[in-house]
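Everything on this sheet refers to the single structure shown next.
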Amino acid sequence: MMQTHVVVVGGGAAGMMAALAAREAGASVTLLEPNEKLGRKLYITGKGRCNLTNNTTVEGVLNNVPRNSRFLYSAVTKFPPSQVMEYFEKLGVPLKTERGGRVFPCSDKAADVIDGLFFGLKKAKVTIRRAKVQSLELSETGVTGVILTDGEVIPADAVIVATGGVSYVGTGSTGDGYRLAQEAGHKVVAPRASLVPLVEDGDTCGKMQGLSLKNVTLTLKNQKKKVVFQEQGEMLFTHFGISGPLVLSASAHGDWTKDKYNAIIDLKPALDEAKLEARILRDISEAPNKAFHNFLEGLAPRLMVPVLCEKADIDPDLPVNAMTKGQRRRLMETMKQFIIPISGTRPVNEAIITAGGVKTGEIDPGTMMSKKTPGLFFAGEVIDVDAYTGGFNLQIAWCTGRVAGLSAAAYRKEELA
């Protein structure tokens, strides 16, 4: 029987997994990547540590996918986190599970994940070429290959597009896959930022630039004051607004094209108002003549003190024993509900993940093959699926990549059988 030839466009997480799976299923595979190195975006995931999946169930993954989770059910079921972890261990990458089920290489080095995949590709004899695809070669029967920017045609029985989104353009995510999909008759949901820092409507955050907060609760409320996100963790003030793990997670919950939001920080989530008031009264009794701004340094980071004075509308030099009950009330409200109006997100090219992409209704969820063009498959971020932080986006890349690879390898064989 003739060997299936699969061309994979894109050497990121989904593309490398697709190439390995197709080769494992007996196809000859050519992996095309314009960058000098494969997996460039993987180097920056998890702050360079590579949070490669989440040690949870299929349902646990899908619960962290805000859009089109049903589309992913089949792929995640076929290659769930437990199997992903086993797969990487076999590639020679020992793993560990941390807080929130986040899975990292024991070495804390993203490079080890990339090396595991790269040497896996080499061992499997996948042909890796540094090349950029200009267009798909199409016929009435479906896709028949790809055309490179230099005009060379690479024939293929099946083509997998795994080019990523448009976030972090420097890593090669230039949106080429959207254009290739549109050539083949697909609709593309306009890409937008997800898992991205938020921009303040004002200048409060800039006054605290560089300040990192730990163990705070961040709540995101829309114009109707409905809570769309609430979680405890870490965040950071920047010159433009707010960033950090909590903020990136919150950003995925907002519809930034249609609504306005307030980010509300509870600086003392472990204390309810009664306990916070008791703490304040105790501190006042211990140093009744302290100036308010000095007193605040026992309650909040120093960089926040001038902003807290301003927001609570209390004179920084006021002796704390002269504070009125109303002033104490304003201080507590400010500390429990530190409000930052948000004007929107940073640009999509600064986002960790792109929301939007090839419309899921036009892709077979069981195989990742196009419903428009036989022999054309999609994997990873180029599809209109994205998830919250915690390793879920890479889990999507691995499982859609694997399903696409196995399906692409079987596609032509079935045709010829």
Can you name the residue in segment 294-317 that is surrounded by fewer than 18 Cβ atoms within 10 Å (Cβ to Cβ) and in contact with an Asp or Glu (Cβ under 8 Å, 6 or more places away or on another chain) and, of all such residues, is farthest from GLY202 (Cα to Cα)? GLY298
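Got a sec? Which of GLY100, GLY120 is surrounded by 20 or more Cβ atoms within 10 Å (Cβ to Cβ) and either assigned to a helix (DSSP H, G or I) or in contact with a Cys (Cβ under 7 Å, 6 or more places away or on another chain) (or both)? Walk me through how you get there before you give the answer.
Numbers: GLY100 fails: surrounded by 20 or more Cβ atoms within 10 Å (Cβ to Cβ).
Just one listed residue meets the conditions, GLY120.
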Residue count for segment 318-352, restricted to those that are crowded, with 17+ Cβ neighbours inside 10 Å, modelled with pLDDT under 90 and under 15 Å from TRP256 (Cα atoms): 2
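Condition check ((1) under 23 Å from ALA355 (Cα atoms); (2) surrounded by fewer than 24 Cβ atoms within 10 Å (Cβ to Cβ); (3) under 18 Å from the mean Cα position of the chain (by Cα)) across all residues:
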site: ARG23; (1), (2), (3): no, yes, no
site: GLY46; (1), (2), (3): yes, yes, yes
site: THR56; (1), (2), (3): yes, yes, yes
site: ALA75; (1), (2), (3): yes, no, no
Restricting to segment 116-152, what's the tally of residues that are farther than 14 Å from VAL29 by Cα, touching a Ser or Thr at 6+ places or on another chain (Cβ under 6 Å) and β-branched (Val, Ile, Thr)? 2
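The rows are residues; the columns are (1) in a loop (DSSP other than H, G, I, E, B); (2) touching a helix residue (DSSP H, G or I) at 6+ places or on another chain (Cβ under 6 Å).
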residue: VAL8; (1), (2): no, yes
residue: ALA21; (1), (2): no, yes
residue: GLU36; (1), (2): yes, no
residue: GLY39; (1), (2): yes, yes
residue: THR56; (1), (2): yes, yes
residue: ARG70; (1), (2): no, no
residue: ALA75; (1), (2): no, yes
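This table checks each residue for (1) under 30 Å from GLN230 (Cβ atoms); (2) in the same structural domain as GLU86 (by TED's automatic domain parsing); (3) more than 24 Å from the chain's Cα centre (by Cα).
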position	(1), (2), (3)
VAL358	no, yes, no
GLY361	no, yes, no
LYS371	no, yes, yes
GLY375	no, yes, yes
GLU381	yes, yes, no
LEU394	yes, yes, no
TRP398	yes, yes, no
VAL403	no, yes, no
LEU406	no, yes, yes
I'd like the full set of residues that are assigned to a strand (DSSP E or B), farther than 25 Å from MET304 by Cα and among the charged types (D, E, K, R), limited to segment 176-222. ARG192
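Can you tell me which residue within segment 138-151, out of those that are of a type outside the set (A, V, I, L, M) and over 32 Å from the mean Cα position of the chain (by Cα), is farthest from VAL7 (Cα to Cα)? Reasoning before the result, please.
Taking segment 138-151 first, the residues of a type outside the set (A, V, I, L, M) are 139-142, 144-145, 149-151.
Filter once more, so that each one left must be over 32 Å from the mean Cα position of the chain (by Cα): 139-142, 144, 150-151.
On the way: SER139: 16, GLU140: 19, THR141: 17, GLY142: 14, THR144: 10, ASP150: 17, GLY151: 16 Å.
Ranking the qualifying residues of segment 138-151, first place goes to GLU140.
Inside segment 373-407, can you point out the residues that are in a loop (DSSP other than H, G, I, E, B) and of a type outside the set (Ser, Thr, Tyr)?
Of segment 373-407, the ones in a loop (DSSP other than H, G, I, E, B) are 373-375, 379, 384-391.
Of everything in segment 373-407, those that are in a loop (DSSP other than H, G, I, E, B) and of a type outside the set (Ser, Thr, Tyr) turn out to be PRO374, GLY375, ALA379, ASP384, VAL385, ASP386, ALA387, GLY390, GLY391.
The values are calculated or read from the model by the stated rules, or taken from the named source; none is laboratory data. Model, not experiment: these values are computed from the prediction. For neighbour counting, all protein chains shown are included, and Cβ atoms are generated from backbone atoms with ideal geometry for every residue, glycine included.
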